[in-house]
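Only one structure is covered here, and it is reproduced in the block below.
The values are calculated or read from the model by the stated rules, or taken from the named source; none is laboratory data. Nothing here was measured: the structure is a model prediction, and the numbers come from that model. Heads up, the Cβs are rebuilt from the backbone with ideal geometry, glycines too, and the neighbour counts pull from every protein chain shown.
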Amino acid sequence: MALHQESWFDHAACRGADGTLFYPAESNERPGERARRETKAKEVCANCEVVDSCLSDALLRNELYGVWGGKNENERRALVRLLSPAELARRHASQDNK
């Protein structure tokens with residue numbers, strides 16, 4: 001019998017939310033539609049108690065798509081360029097301890 005190990009996702013504000021809010025429903029999403037969708041997703045993230053863990057997890061897994069931790073893929077790529085290797089390692093270690 002597998003036991004459920006609690007993770008940050010168990011406390012995420014987006015848990016049970018419509019996934020199309022965080023990911024495009026169509027590959028041909030227009031820029032204005034994308035901006036509105038991402039703004040709504042980020043509003044959910046802004047009220048989430050585990051937003052930092054979510055963002056760290058997305059950075060560690062090099063999540064390519066969607067809004068994670070209040071950041072879209074372009075914002076996460078920019079953040080990775082700004083973070084030092086030591087900071088990325090610290091984030092990884094803190095996730096391993098959760």
Scan the range 17-71 residue by residue and report those that are in contact (Cβ under 8 Å) with a residue 24 or more places away in the chain, among the aliphatic types (A, V, I, L, M), in a loop (DSSP other than H, G, I, E, B) and surrounded by fewer than 18 Cβ atoms within 10 Å (Cβ to Cβ). Ala17
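When the residues of the range 1-16 are narrowed to those that are surrounded by 13 or more Cβ atoms within 10 Å (Cβ to Cβ) and part of a helix (DSSP H, G or I), which ends up modelled with the highest pLDDT? Before the answer, list the steps.
Filtering the range 1-16 for residues surrounded by 13 or more Cβ atoms within 10 Å (Cβ to Cβ) gives 7-8, 11-14.
Checking which are part of a helix (DSSP H, G or I) leaves us with 8, 11.
Numbers: Trp8: 87, His11: 94.
Restricting to residues being surrounded by 13 or more Cβ atoms within 10 Å (Cβ to Cβ) and part of a helix (DSSP H, G or I), the top hit is His11.
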Does Ala58 count as over 24 Å from Glu87 (Cβ atoms) and among the small types (Gly, Ala, Ser)? no
So, Gly66, is that one out of contact with any Cys (no Cβ under 8 Å at 6 or more places or on another chain) and within 18 Å of Phe9 (Cβ to Cβ) or not? yes
